[in-house]
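This structure is in structure tokens; I'll ask about it shortly.
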Amino acid sequence: SDTFAAGVTLYNTLLLSYPWPSTEPEAECKAFAYFRDKGFEAFARRRKLMGSEKKAIDHLSEPALQFLAGLFQVDPSARCTLGEAAWPEDESHRSVWSASWWEHGAAA
């Protein structure tokens, strides 16, 4: 599955706003270019929410920020997986289910 798309859906669900209008190179989207160059946390610190002066990071808990950062990796091989078995057995990929914050959150 495409965890990047899951990240966009989760971001929209949590913040009631899309992170950027387009990821297509010809669209020249400044928000996506900033994310691509600086990473998700820097993007969240800068990105204003629609109709507000507040930034995205102001509304994200640390676990949510880590979760989204794991899903929002430009390089697909660096993204967290959702535990799917689509990867060859000799390749190791981070799974969202093995993240320490998930275990902490599940105990609460």
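Hey, LEU82 hits all of (1) at pLDDT 80 or above; (2) of a type in the set (A, V, I, L, M, F, W, C); (3) within 14 Å of the chain's Cα centre (by Cα) but one; which does it fall short on?
(1) is the only condition that LEU82 fails.
Of all residues in segment 11-27 being free of Cβ contacts under 8 Å to residues at least 24 places away in the same chain and in a helix (DSSP H, G or I), which is nearest to ALA56 (Cα to Cα)?
Ranking the candidates gives ASN12 first.
Which residue is nearest to LEU65 (Cα to Cα), if the candidates are limited to segment 30-41 and must be under 12 Å from the mean Cα position of the chain (by Cα) and open to solvent by 30 Å² or more (accessible area, probe 1.4 Å)?
Once the filter is applied, the top-ranked residue is GLU41.
The values are calculated or read from the model by the stated rules, or taken from the named source; none is laboratory data. Note that the structure is a prediction, hence the values are computed from the model and not measured. Neighbour counts are summed over all protein chains in view; Cβ atoms, including those assigned to glycine, are modelled from backbone coordinates with ideal geometry. Remember, those area values only see protein heavy atoms, side chains included, never the ligands or the DNA or RNA. Shrake-Rupley method; radii C 1.70, N 1.55, O 1.52, S 1.80 Å.
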